[in-house]
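> Please read through the structure below; I'll follow up with questions.
The values are calculated or read from the model by the stated rules, or taken from the named source; none is laboratory data. None of these values were measured; they are calculated from a predicted model. All Cβ positions, glycine included, derive from the backbone under ideal geometry; neighbour counts span all protein chains shown.
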Amino acid sequence: MATDKQALFKKIPAVDQLLIRPALEKALESHPKGLVLKAIHQVLDEIRTEIQEGRIAETGDELETEPVSWRVLETLEEISMPSLRNVINATGVVVHTNLGRSILPERVIDKFRSIAGGYSNLEFDLGKGKRGSRYVHVEGILRELSSAEAAMVVNNNAAAVLIALETLAKGREVVVSRGQLVEIGGSFRIPDVMRKSGAKMVEVGTTNKTHLKDYEEVIGPQTSLLLKVHTSNFQVVGFTEEVPLSELVKLGERHGIPVMEDLGSGCLVDFSSYGLVREPTVQEALAQGADLVTFSGDKLLGGPQAGIILGRKDLVEAIRRNPLSRALRIDKLTLLALEETLRLYRDHRIAMKEIPTLKMICQSYDAMKKKAQRLYRLLSDSKNDNFSIEMIDGASKVGGGALPLQELKSRLLCLIPKRLSSHQMEAWLRAYSPPVITRLEKDRVMLDVRTIQEKEFKVVTRAIKDLAIAEPLEARR
Ligand SMILES: *Cc1c(COP(=O)(O)O)cnc(C)c1O
(Lines give C-alpha, C1' and ligand atoms only; values in the text may rest on other atoms or scores of the structure.)
Protein backbone atom coordinates (compact mmCIF):
# COMPACT_ATOMS: atom_id res chain seq x y z
CA MET A 1 0.00 0.00 0.00
CA ALA A 2 2.70 2.44 1.10
CA THR A 3 4.73 1.63 -2.01
CA ASP A 4 1.71 2.42 -4.19
CA LYS A 5 1.58 5.84 -2.63
CA GLN A 6 5.30 6.30 -3.08
CA ALA A 7 4.93 5.52 -6.77
CA LEU A 8 2.17 8.10 -7.00
CA PHE A 9 4.25 10.72 -5.18
CA LYS A 10 7.04 10.14 -7.68
CA LYS A 11 4.62 10.72 -10.49
CA ILE A 12 3.77 14.29 -9.40
CA PRO A 13 5.04 16.60 -12.14
CA ALA A 14 7.85 19.03 -11.28
CA VAL A 15 7.19 22.76 -11.26
CA ASP A 16 9.52 23.30 -14.23
CA GLN A 17 7.73 20.64 -16.24
CA LEU A 18 4.44 22.40 -15.63
CA LEU A 19 5.77 25.84 -16.48
CA ILE A 20 6.62 24.75 -20.03
CA ARG A 21 3.17 23.32 -20.77
CA PRO A 22 1.59 25.43 -23.56
CA ALA A 23 -1.46 26.25 -21.41
CA LEU A 24 0.66 27.65 -18.62
CA GLU A 25 3.12 29.36 -20.93
CA LYS A 26 0.14 31.21 -22.31
CA ALA A 27 -1.11 32.02 -18.82
CA LEU A 28 2.27 33.60 -18.06
CA GLU A 29 1.59 36.20 -20.76
CA SER A 30 -1.36 37.60 -18.84
CA HIS A 31 -0.49 36.74 -15.20
CA PRO A 32 2.52 37.60 -13.04
CA LYS A 33 4.89 34.64 -12.64
CA GLY A 34 4.53 34.79 -8.86
CA LEU A 35 0.80 34.17 -9.13
CA VAL A 36 1.24 31.25 -11.56
CA LEU A 37 3.77 29.69 -9.19
CA LYS A 38 1.36 30.20 -6.30
CA ALA A 39 -1.34 28.35 -8.23
CA ILE A 40 1.08 25.51 -9.08
CA HIS A 41 2.18 25.09 -5.47
CA GLN A 42 -1.40 25.17 -4.27
CA VAL A 43 -2.41 22.42 -6.70
CA LEU A 44 0.66 20.29 -5.90
CA ASP A 45 -0.09 20.60 -2.18
CA GLU A 46 -3.67 19.51 -2.79
CA ILE A 47 -2.46 16.56 -4.84
CA ARG A 48 -0.07 15.43 -2.08
CA THR A 49 -2.93 15.50 0.42
CA GLU A 50 -5.14 13.56 -1.99
CA ILE A 51 -2.49 10.87 -2.41
CA GLN A 52 -1.99 10.69 1.35
CA GLU A 53 -5.71 10.24 1.83
CA GLY A 54 -5.94 7.63 -0.91
CA ARG A 55 -8.14 9.77 -3.15
CA ILE A 56 -6.01 9.34 -6.28
CA ALA A 57 -6.53 6.21 -8.36
CA GLU A 58 -3.65 3.72 -8.49
CA THR A 59 -3.12 4.34 -12.19
CA GLY A 60 -2.25 7.93 -11.38
CA ASP A 61 -3.76 9.25 -14.62
CA GLU A 62 -4.71 12.49 -12.91
CA LEU A 63 -1.04 13.13 -12.22
CA GLU A 64 -0.01 13.50 -15.86
CA THR A 65 1.31 16.98 -16.61
CA GLU A 66 -1.64 17.67 -18.93
CA PRO A 67 -4.51 17.27 -16.40
CA VAL A 68 -2.44 18.88 -13.64
CA SER A 69 -1.76 21.92 -15.80
CA TRP A 70 -5.49 22.31 -16.48
CA ARG A 71 -6.09 22.14 -12.79
CA VAL A 72 -3.46 24.82 -12.20
CA LEU A 73 -5.20 26.99 -14.77
CA GLU A 74 -8.50 26.64 -12.94
CA THR A 75 -6.87 27.53 -9.62
CA LEU A 76 -5.16 30.48 -11.29
CA GLU A 77 -8.55 31.76 -12.46
CA GLU A 78 -9.88 31.47 -8.94
CA ILE A 79 -7.02 33.21 -7.16
CA SER A 80 -6.70 36.00 -9.69
CA MET A 81 -10.37 36.92 -9.51
CA PRO A 82 -11.13 40.12 -7.57
CA SER A 83 -12.60 39.40 -4.17
CA LEU A 84 -15.37 42.01 -4.36
CA ARG A 85 -17.62 41.13 -7.27
CA ASN A 86 -21.05 41.79 -8.66
CA VAL A 87 -23.70 39.27 -7.70
CA ILE A 88 -27.29 38.83 -8.83
CA ASN A 89 -29.65 39.46 -5.94
CA ALA A 90 -32.55 37.08 -6.51
CA THR A 91 -33.48 37.01 -2.81
CA GLY A 92 -36.19 39.66 -3.02
CA VAL A 93 -34.65 41.53 -0.08
CA VAL A 94 -34.26 45.03 -1.48
CA VAL A 95 -31.91 46.63 1.07
CA HIS A 96 -29.85 43.45 1.55
CA THR A 97 -27.18 44.26 4.13
CA ASN A 98 -24.92 41.36 3.04
CA LEU A 99 -25.22 42.21 -0.64
CA GLY A 100 -24.29 45.88 -0.35
CA ARG A 101 -27.63 47.43 0.73
CA SER A 102 -28.58 50.00 -1.94
CA ILE A 103 -27.73 49.99 -5.63
CA LEU A 104 -26.73 53.47 -6.70
CA PRO A 105 -28.74 55.44 -9.29
CA GLU A 106 -27.33 55.59 -12.84
CA ARG A 107 -26.74 59.31 -12.52
CA VAL A 108 -24.46 58.71 -9.57
CA ILE A 109 -22.45 56.14 -11.50
CA ASP A 110 -21.97 58.61 -14.35
CA LYS A 111 -20.73 61.20 -11.92
CA PHE A 112 -18.06 58.86 -10.53
CA ARG A 113 -16.22 58.88 -13.84
CA SER A 114 -15.77 62.61 -13.97
CA ILE A 115 -15.13 63.37 -10.31
CA ALA A 116 -13.01 60.37 -9.37
CA GLY A 117 -10.82 60.73 -12.44
CA GLY A 118 -9.95 64.37 -11.81
CA TYR A 119 -9.31 66.94 -9.12
CA SER A 120 -12.32 68.60 -7.52
CA ASN A 121 -13.27 71.48 -5.24
CA LEU A 122 -13.69 68.99 -2.38
CA GLU A 123 -12.25 71.36 0.22
CA PHE A 124 -11.66 74.46 -1.85
CA ASP A 125 -13.87 77.52 -1.84
CA LEU A 126 -13.96 78.50 -5.50
CA GLY A 127 -15.40 81.94 -4.71
CA LYS A 128 -12.77 82.96 -2.19
CA GLY A 129 -9.89 80.93 -3.57
CA LYS A 130 -9.27 79.56 -0.10
CA ARG A 131 -9.59 76.36 1.85
CA GLY A 132 -13.22 75.28 2.16
CA SER A 133 -15.25 72.58 3.87
CA ARG A 134 -16.21 69.25 2.31
CA TYR A 135 -19.54 69.38 4.09
CA VAL A 136 -20.85 72.35 2.09
CA HIS A 137 -21.46 70.04 -0.86
CA VAL A 138 -24.39 68.36 0.87
CA GLU A 139 -25.33 70.79 3.62
CA GLY A 140 -27.37 73.05 1.38
CA ILE A 141 -29.37 70.30 -0.29
CA LEU A 142 -29.97 68.48 3.00
CA ARG A 143 -31.34 71.66 4.56
CA GLU A 144 -33.45 72.37 1.51
CA LEU A 145 -35.00 68.88 1.50
CA SER A 146 -35.56 68.58 5.25
CA SER A 147 -35.93 72.19 6.46
CA ALA A 148 -33.27 71.47 9.09
CA GLU A 149 -31.27 74.38 10.44
CA ALA A 150 -27.94 72.62 9.89
CA ALA A 151 -26.53 69.39 8.46
CA MET A 152 -23.41 67.28 8.76
CA VAL A 153 -22.42 63.91 7.34
CA VAL A 154 -20.08 61.17 8.51
CA ASN A 155 -19.03 57.69 7.46
CA ASN A 156 -22.21 55.87 8.48
CA ASN A 157 -25.12 56.15 10.89
CA ALA A 158 -23.30 54.25 13.63
CA ALA A 159 -20.64 56.96 13.46
CA ALA A 160 -23.34 59.65 13.47
CA VAL A 161 -24.85 58.31 16.69
CA LEU A 162 -21.41 57.87 18.27
CA ILE A 163 -20.18 61.37 17.52
CA ALA A 164 -23.46 62.98 18.53
CA LEU A 165 -23.42 61.21 21.89
CA GLU A 166 -19.72 61.92 22.42
CA THR A 167 -20.21 65.60 21.70
CA LEU A 168 -23.38 66.19 23.69
CA ALA A 169 -23.28 63.68 26.49
CA LYS A 170 -19.77 62.48 27.31
CA GLY A 171 -19.46 62.00 31.07
CA ARG A 172 -23.14 62.84 31.49
CA GLU A 173 -26.47 61.03 31.27
CA VAL A 174 -28.62 60.06 28.29
CA VAL A 175 -32.17 58.88 28.90
CA VAL A 176 -33.53 56.15 26.64
CA SER A 177 -36.51 53.81 26.74
CA ARG A 178 -35.86 50.11 27.46
CA GLY A 179 -38.06 49.28 24.50
CA GLN A 180 -35.58 51.00 22.18
CA LEU A 181 -32.28 49.40 23.18
CA VAL A 182 -31.95 47.79 19.80
CA GLU A 183 -29.30 45.74 18.11
CA ILE A 184 -28.87 46.29 14.39
CA GLY A 185 -27.28 43.63 12.18
CA GLY A 186 -23.50 43.70 12.30
CA SER A 187 -23.39 44.19 16.08
CA PHE A 188 -24.41 47.81 16.36
CA ARG A 189 -26.04 47.93 19.78
CA ILE A 190 -27.29 51.10 21.36
CA PRO A 191 -25.90 50.28 24.85
CA ASP A 192 -22.45 49.51 23.38
CA VAL A 193 -22.30 52.70 21.33
CA MET A 194 -23.43 54.62 24.38
CA ARG A 195 -20.58 53.15 26.46
CA LYS A 196 -18.01 53.89 23.75
CA SER A 197 -19.15 57.51 23.61
CA GLY A 198 -18.51 57.92 27.32
CA ALA A 199 -22.14 58.77 27.99
CA LYS A 200 -23.98 57.15 30.86
CA MET A 201 -27.14 55.41 29.77
CA VAL A 202 -30.20 55.81 31.94
CA GLU A 203 -32.82 53.25 30.92
CA VAL A 204 -36.43 53.99 31.62
CA GLY A 205 -39.72 52.10 31.33
CA THR A 206 -40.08 48.44 30.39
CA THR A 207 -39.63 46.43 27.20
CA ASN A 208 -43.22 46.94 26.11
CA LYS A 209 -44.28 50.16 27.87
CA THR A 210 -42.60 53.46 28.60
CA HIS A 211 -44.51 56.51 29.83
CA LEU A 212 -43.67 60.20 29.89
CA LYS A 213 -43.44 60.13 33.66
CA ASP A 214 -40.70 57.48 33.42
CA TYR A 215 -38.53 60.03 31.65
CA GLU A 216 -39.61 62.83 33.97
CA GLU A 217 -38.60 60.93 37.08
CA VAL A 218 -34.97 60.46 36.07
CA ILE A 219 -34.23 63.92 34.71
CA GLY A 220 -31.63 65.63 36.89
CA PRO A 221 -28.65 67.97 36.72
CA GLN A 222 -26.58 65.30 34.91
CA THR A 223 -29.12 64.70 32.12
CA SER A 224 -27.72 65.95 28.84
CA LEU A 225 -29.90 64.29 26.21
CA LEU A 226 -33.20 62.48 25.68
CA LEU A 227 -32.68 59.81 23.03
CA LYS A 228 -35.31 58.14 20.91
CA VAL A 229 -34.29 55.20 18.75
CA HIS A 230 -36.43 54.07 15.87
CA THR A 231 -36.96 50.34 16.42
CA SER A 232 -36.38 49.74 12.76
CA ASN A 233 -35.88 46.00 12.52
CA PHE A 234 -38.67 44.76 14.77
CA GLN A 235 -42.00 45.84 16.11
CA VAL A 236 -43.44 45.24 19.54
CA VAL A 237 -47.09 44.50 19.08
CA GLY A 238 -49.94 44.13 21.53
CA PHE A 239 -49.84 45.80 24.94
CA THR A 240 -47.31 48.50 24.12
CA GLU A 241 -46.67 52.16 24.61
CA GLU A 242 -43.89 54.53 23.64
CA VAL A 243 -43.80 58.26 24.23
CA PRO A 244 -44.35 60.12 20.96
CA LEU A 245 -41.49 62.32 19.81
CA SER A 246 -43.60 65.48 20.20
CA GLU A 247 -44.16 64.70 23.91
CA LEU A 248 -40.48 64.09 24.47
CA VAL A 249 -39.72 67.39 22.78
CA LYS A 250 -42.08 69.24 25.13
CA LEU A 251 -40.46 67.56 28.11
CA GLY A 252 -37.00 68.43 26.83
CA GLU A 253 -38.00 72.05 26.32
CA ARG A 254 -39.33 72.33 29.88
CA HIS A 255 -35.98 71.18 31.23
CA GLY A 256 -33.70 72.71 28.63
CA ILE A 257 -32.50 69.29 27.45
CA PRO A 258 -32.08 68.48 23.76
CA VAL A 259 -33.89 65.54 22.16
CA MET A 260 -32.27 63.34 19.53
CA GLU A 261 -33.91 60.70 17.37
CA ASP A 262 -31.88 57.97 15.69
CA LEU A 263 -34.16 57.27 12.74
CA GLY A 264 -32.08 54.38 11.41
CA SER A 265 -33.33 54.15 7.87
CA GLY A 266 -34.41 57.73 7.48
CA CYS A 267 -36.69 58.15 4.53
CA LEU A 268 -37.48 61.43 2.86
CA VAL A 269 -40.66 60.30 1.11
CA ASP A 270 -43.91 59.22 2.69
CA PHE A 271 -44.30 55.57 1.73
CA SER A 272 -47.94 55.46 2.73
CA SER A 273 -48.84 57.46 -0.35
CA TYR A 274 -47.47 54.51 -2.36
CA GLY A 275 -49.66 52.00 -0.58
CA LEU A 276 -47.03 50.87 1.90
CA VAL A 277 -46.80 50.88 5.69
CA ARG A 278 -46.12 54.32 7.10
CA GLU A 279 -42.55 54.99 8.09
CA PRO A 280 -41.87 58.27 9.93
CA THR A 281 -40.03 60.67 7.63
CA VAL A 282 -37.03 62.81 8.44
CA GLN A 283 -39.04 65.96 7.78
CA GLU A 284 -41.71 64.91 10.28
CA ALA A 285 -39.17 64.20 13.03
CA LEU A 286 -37.71 67.67 12.55
CA ALA A 287 -41.13 69.32 12.32
CA GLN A 288 -42.07 67.70 15.60
CA GLY A 289 -39.14 69.50 17.16
CA ALA A 290 -36.33 66.94 17.41
CA ASP A 291 -33.13 68.88 18.07
CA LEU A 292 -31.10 66.30 16.18
CA VAL A 293 -31.91 63.39 13.91
CA THR A 294 -29.50 60.80 12.51
CA PHE A 295 -29.99 58.23 9.73
CA SER A 296 -28.19 56.08 7.15
CA GLY A 297 -27.45 57.03 3.57
CA ASP A 298 -27.78 53.54 2.11
CA LYS A 299 -30.99 52.19 3.59
CA LEU A 300 -34.34 53.68 2.50
CA LEU A 301 -32.59 56.78 1.22
CA GLY A 302 -31.08 54.58 -1.51
CA GLY A 303 -27.69 56.29 -1.67
CA PRO A 304 -24.15 55.41 -0.55
CA GLN A 305 -23.11 54.34 2.95
CA ALA A 306 -23.16 57.50 5.05
CA GLY A 307 -24.43 58.86 8.33
CA ILE A 308 -26.51 62.02 8.14
CA ILE A 309 -26.95 64.36 11.09
CA LEU A 310 -29.56 67.11 10.87
CA GLY A 311 -30.83 69.61 13.38
CA ARG A 312 -30.06 72.63 15.55
CA LYS A 313 -27.22 74.77 14.30
CA ASP A 314 -25.36 75.06 17.62
CA LEU A 315 -25.47 71.29 18.17
CA VAL A 316 -24.42 70.40 14.63
CA GLU A 317 -21.57 72.89 14.85
CA ALA A 318 -20.37 71.41 18.12
CA ILE A 319 -20.36 67.98 16.45
CA ARG A 320 -18.40 69.34 13.51
CA ARG A 321 -15.76 70.79 15.86
CA ASN A 322 -15.36 67.45 17.65
CA PRO A 323 -11.93 66.01 16.72
CA LEU A 324 -13.67 62.66 16.18
CA SER A 325 -15.24 64.12 13.04
CA ARG A 326 -11.86 63.85 11.33
CA ALA A 327 -11.70 60.15 12.14
CA LEU A 328 -15.26 59.50 11.04
CA ARG A 329 -15.27 61.75 8.03
CA ILE A 330 -16.97 60.90 4.79
CA ASP A 331 -14.92 60.04 1.72
CA LYS A 332 -14.91 62.13 -1.47
CA LEU A 333 -16.56 59.45 -3.62
CA THR A 334 -19.24 58.86 -1.03
CA LEU A 335 -19.88 62.56 -0.78
CA LEU A 336 -20.44 62.94 -4.50
CA ALA A 337 -22.73 59.89 -4.53
CA LEU A 338 -24.71 61.34 -1.64
CA GLU A 339 -25.03 64.75 -3.26
CA GLU A 340 -26.23 63.25 -6.56
CA THR A 341 -28.72 60.98 -4.80
CA LEU A 342 -30.11 63.85 -2.74
CA ARG A 343 -30.51 66.03 -5.83
CA LEU A 344 -32.93 63.43 -7.21
CA TYR A 345 -35.20 64.04 -4.20
CA ARG A 346 -35.99 67.57 -5.39
CA ASP A 347 -38.78 65.93 -7.39
CA HIS A 348 -40.22 62.88 -5.64
CA ARG A 349 -41.50 61.43 -8.91
CA ILE A 350 -37.96 61.43 -10.27
CA ALA A 351 -36.62 59.98 -7.01
CA MET A 352 -39.13 57.13 -7.26
CA LYS A 353 -38.12 56.42 -10.84
CA GLU A 354 -34.36 56.79 -10.63
CA ILE A 355 -33.37 55.58 -7.18
CA PRO A 356 -33.28 51.78 -7.53
CA THR A 357 -34.09 51.10 -3.86
CA LEU A 358 -37.23 53.24 -3.97
CA LYS A 359 -38.23 51.92 -7.35
CA MET A 360 -37.91 48.28 -6.32
CA ILE A 361 -39.83 48.80 -3.08
CA CYS A 362 -42.71 50.57 -4.76
CA GLN A 363 -43.11 48.36 -7.82
CA SER A 364 -46.59 46.88 -7.93
CA TYR A 365 -47.54 43.23 -7.95
CA ASP A 366 -48.74 43.64 -11.54
CA ALA A 367 -45.36 44.94 -12.60
CA MET A 368 -43.72 41.97 -10.85
CA LYS A 369 -46.06 39.58 -12.63
CA LYS A 370 -45.08 40.97 -16.02
CA LYS A 371 -41.40 40.97 -15.10
CA ALA A 372 -41.56 37.31 -14.01
CA GLN A 373 -43.41 36.42 -17.19
CA ARG A 374 -40.64 37.95 -19.30
CA LEU A 375 -37.97 35.98 -17.50
CA TYR A 376 -40.05 32.79 -17.63
CA ARG A 377 -40.45 33.14 -21.38
CA LEU A 378 -36.69 33.35 -21.83
CA LEU A 379 -36.42 30.05 -20.00
CA SER A 380 -39.30 28.19 -21.56
CA ASP A 381 -37.09 25.96 -23.73
CA SER A 382 -34.94 24.73 -20.86
CA LYS A 383 -36.95 21.55 -20.26
CA ASN A 384 -34.66 19.25 -18.36
CA ASP A 385 -34.29 16.36 -15.95
CA ASN A 386 -32.58 18.40 -13.25
CA PHE A 387 -35.56 20.50 -12.11
CA SER A 388 -38.83 21.98 -13.26
CA ILE A 389 -39.73 25.66 -13.28
CA GLU A 390 -42.92 27.23 -12.03
CA MET A 391 -44.09 30.77 -11.34
CA ILE A 392 -45.72 31.37 -7.99
CA ASP A 393 -46.85 34.26 -5.79
CA GLY A 394 -44.63 35.20 -2.88
CA ALA A 395 -43.37 38.14 -0.87
CA SER A 396 -40.28 40.33 -1.06
CA LYS A 397 -38.87 42.24 1.89
CA VAL A 398 -37.65 45.80 2.24
CA GLY A 399 -34.68 44.72 4.40
CA GLY A 400 -32.03 46.89 5.99
CA GLY A 401 -34.07 46.93 9.16
CA ALA A 402 -36.74 49.08 7.55
CA LEU A 403 -40.49 48.52 7.43
CA PRO A 404 -40.10 45.15 9.19
CA LEU A 405 -43.74 44.18 8.85
CA GLN A 406 -44.14 45.26 5.26
CA GLU A 407 -44.66 42.32 2.91
CA LEU A 408 -44.29 43.26 -0.72
CA LYS A 409 -46.39 40.92 -2.81
CA SER A 410 -44.21 39.60 -5.61
CA ARG A 411 -43.91 36.91 -8.24
CA LEU A 412 -41.24 34.24 -7.93
CA LEU A 413 -39.61 31.82 -10.26
CA CYS A 414 -39.36 28.57 -8.44
CA LEU A 415 -37.03 25.69 -9.28
CA ILE A 416 -38.51 22.39 -8.14
CA PRO A 417 -35.95 19.63 -7.52
CA LYS A 418 -35.89 16.56 -9.74
CA ARG A 419 -32.46 15.10 -10.41
CA LEU A 420 -30.76 17.89 -8.42
CA SER A 421 -31.65 18.71 -4.84
CA SER A 422 -32.63 22.25 -3.87
CA HIS A 423 -29.43 22.61 -1.84
CA GLN A 424 -27.31 21.53 -4.81
CA MET A 425 -29.05 24.05 -7.03
CA GLU A 426 -28.72 26.89 -4.53
CA ALA A 427 -24.99 26.19 -4.08
CA TRP A 428 -24.42 25.77 -7.82
CA LEU A 429 -26.05 29.12 -8.62
CA ARG A 430 -24.08 30.76 -5.81
CA ALA A 431 -20.84 29.40 -7.31
CA TYR A 432 -21.80 30.63 -10.78
CA SER A 433 -19.99 33.51 -12.43
CA PRO A 434 -21.53 35.93 -11.63
CA PRO A 435 -22.97 34.37 -8.47
CA VAL A 436 -26.77 34.20 -8.38
CA ILE A 437 -28.01 34.47 -4.79
CA THR A 438 -31.38 32.80 -4.32
CA ARG A 439 -33.44 31.78 -1.35
CA LEU A 440 -34.45 28.31 -0.26
CA GLU A 441 -38.04 27.83 0.80
CA LYS A 442 -39.95 24.61 1.32
CA ASP A 443 -37.23 22.63 -0.46
CA ARG A 444 -37.43 24.84 -3.51
CA VAL A 445 -35.08 27.41 -4.97
CA MET A 446 -36.82 30.76 -5.26
CA LEU A 447 -35.81 33.62 -7.52
CA ASP A 448 -37.69 36.80 -6.70
CA VAL A 449 -37.79 39.04 -9.76
CA ARG A 450 -38.21 42.22 -7.69
CA THR A 451 -34.48 42.48 -6.98
CA ILE A 452 -33.25 41.05 -10.28
CA GLN A 453 -32.42 43.93 -12.60
CA GLU A 454 -33.81 43.87 -16.12
CA LYS A 455 -30.25 44.08 -17.51
CA GLU A 456 -29.39 40.91 -15.57
CA PHE A 457 -32.06 38.76 -17.23
CA LYS A 458 -29.64 37.49 -19.85
CA VAL A 459 -27.12 36.20 -17.37
CA VAL A 460 -29.78 34.74 -15.07
CA THR A 461 -31.20 32.91 -18.08
CA ARG A 462 -27.75 31.61 -18.96
CA ALA A 463 -27.17 30.46 -15.36
CA ILE A 464 -30.44 28.53 -15.23
CA LYS A 465 -29.89 26.97 -18.65
CA ASP A 466 -26.42 25.86 -17.56
CA LEU A 467 -27.88 24.47 -14.35
CA ALA A 468 -30.35 22.50 -16.45
CA ILE A 469 -27.50 20.54 -18.05
CA ALA A 470 -25.27 20.32 -14.97
CA GLU A 471 -24.28 16.85 -13.79
CA PRO A 472 -25.34 16.06 -10.23
CA LEU A 473 -21.73 15.33 -9.28
CA GLU A 474 -20.59 18.67 -10.61
CA ALA A 475 -23.42 20.40 -8.80
CA ARG A 476 -22.23 18.94 -5.50
CA ARG A 477 -19.11 21.10 -5.64
C1 LIG B 1 -29.10 50.77 10.65
C2 LIG B 1 -29.19 51.52 11.91
C3 LIG B 1 -28.04 52.08 12.49
C4 LIG B 1 -26.67 51.91 11.88
O5 LIG B 1 -26.57 52.57 10.67
P6 LIG B 1 -25.33 52.28 9.68
O7 LIG B 1 -25.50 53.26 8.60
O8 LIG B 1 -25.46 50.87 9.26
O9 LIG B 1 -24.09 52.52 10.47
C10 LIG B 1 -28.19 52.77 13.65
N11 LIG B 1 -29.40 52.93 14.24
C12 LIG B 1 -30.53 52.39 13.71
C13 LIG B 1 -31.84 52.59 14.41
C14 LIG B 1 -30.46 51.67 12.53
O15 LIG B 1 -31.56 51.14 11.99
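> Hey, among the residues in segment 63-109 that are over 26 Å from M360 (Cβ atoms) and of a type in the set (D, E, K, R), which one's nearest to the chain's Cα centre (by Cα)?
E78
> Taking into account only those residues within segment 397-422 that are within 16 Å of the ligand (Cβ to nearest atom) and of a type outside the set (G, A, S), which is farthest from N89 (Cα to Cα)?
Of the residues in segment 397-422, the ones within 16 Å of the ligand (Cβ to nearest atom) are 397-406.
The next check asks that each one be of a type outside the set (G, A, S); those that pass are 397-398, 403-406.
Working: K397: 12, V398: 13, L403: 19, P404: 19, L405: 21, Q406: 19 Å.
Residue satisfying both the conditions and the ranking: L405.
> Counting only residues that are within 11 Å of the ligand (Cβ to nearest atom) and among the hydroxyl-bearing types (S, T, Y), which one in segment 205-233 is farthest from K250 (Cα to Cα)?
Looking at residues that are within 11 Å of the ligand (Cβ to nearest atom) and among the hydroxyl-bearing types (S, T, Y), I get S232.
> Let me ask something else. Mind listing whichever residues of segment 80-119 are more than 17 Å from Q305 (Cα to Cα), surrounded by 13 or more Cβ atoms within 10 Å (Cβ to Cβ) and modelled with pLDDT under 95?
Selection gives S80, I115.
> State all residues of segment 115-138 that are touching a helix residue (DSSP H, G or I) at 6+ places or on another chain (Cβ under 9 Å) and either under 28 Å from V202 (Cβ atoms) or in a helix (DSSP H, G or I) (or both); if no residue qualifies, say none.
Once the filter is applied, which keeps residues that are touching a helix residue (DSSP H, G or I) at 6+ places or on another chain (Cβ under 9 Å) and either under 28 Å from V202 (Cβ atoms) or in a helix (DSSP H, G or I) (or both), segment 115-138 yields I115, A116, H137, V138.
> Restricting attention to segment 197-204, does a residue exist that is over 24 Å from the mean Cα position of the chain (by Cα), of a type in the set (G, A, S), within 16 Å of the ligand (Cβ to nearest atom) and not in a loop (DSSP other than H, G, I, E, B)? Explain how you work it out, then say what you get.
Of the residues in segment 197-204, the ones over 24 Å from the mean Cα position of the chain (by Cα) are 197-204.
Now restrict to residues that are of a type in the set (G, A, S): 197-199.
With the extra rule that they be within 16 Å of the ligand (Cβ to nearest atom), the set shrinks to 197, 199.
Now restrict to residues that are not in a loop (DSSP other than H, G, I, E, B): 197.
Yes, segment 197-204 contains at least one residue that is over 24 Å from the mean Cα position of the chain (by Cα), of a type in the set (G, A, S), within 16 Å of the ligand (Cβ to nearest atom) and not in a loop (DSSP other than H, G, I, E, B).
> Take segment 36-52 and flag every residue that is surrounded by 14 or more Cβ atoms within 10 Å (Cβ to Cβ) and touching a residue at least 40 places away in the same chain (Cβ under 8 Å).
V36, K38, A39, I51
> Name the residues in segment 238-249 that are out of contact with any strand residue (DSSP E or B) (no Cβ under 9 Å at 6 or more places or on another chain) and either over 26 Å from N157 (Cα atoms) or within 16 Å of the ligand (Cβ to nearest atom) (or both), would you?
G238, the sole residue that qualifies.
> For L338, are the conditions met, namely being in a helix (DSSP H, G or I) and touching a Pro at 6+ places or on another chain (Cβ under 9 Å)? Quick ask: steps written out before the conclusion?
Values: in a helix (DSSP H, G or I): yes; touching a Pro at 6+ places or on another chain (Cβ under 9 Å): yes.
Yes; evaluated as a whole, the condition is true for this residue.
> Here's another thing I want to ask about it. Have a look at T75, T65, T59 and point out the one that is modelled with pLDDT of 95 or more, polar (S, T, N, Q), within 30 Å of F9 (Cβ to Cβ) and not assigned by TED's automatic domain parsing to the domain that holds K332.
Numbers: T65 fails: modelled with pLDDT of 95 or more; T59 fails: modelled with pLDDT of 95 or more.
Residue meeting the stated conditions: T75.
> Which one of A367, A395 is surrounded by fewer than 16 Cβ atoms within 10 Å (Cβ to Cβ) and assigned to a helix (DSSP H, G or I)?
Values: A395 fails: assigned to a helix (DSSP H, G or I).
Within the list A367, A395, the selection yields A367.
> I'd like to verify a number: residues in segment 214-253 that are of a type in the set (D, E, K, R) and within 11 Å of Q180 (Cα to Cα), how many?
Let us first name the residues in segment 214-253 that are of a type in the set (D, E, K, R), namely 214, 216-217, 228, 241-242, 247, 250, 253.
Filter once more, so that each one left must be within 11 Å of Q180 (Cα to Cα): 228, 242.
The total comes to 2.
> Name the pairs: first residue in segment 151-169 and outside the structural domain of L225 (by TED's automatic domain parsing), second residue near the ligand (Cβ under 8 Å from one of its atoms) and modelled with pLDDT of 95 or more, Cβ to Cβ under 6 Å, at least 6 apart or on different chains?
Correct list of pairs: empty, since none qualify.
> If you check H137 against the conditions, is it away from the ligand (no atom under 12 Å from the Cβ) and surrounded by 18 or more Cβ atoms within 10 Å (Cβ to Cβ)?
Values: away from the ligand (no atom under 12 Å from the Cβ): yes; surrounded by 18 or more Cβ atoms within 10 Å (Cβ to Cβ): yes.
Yes, satisfied.
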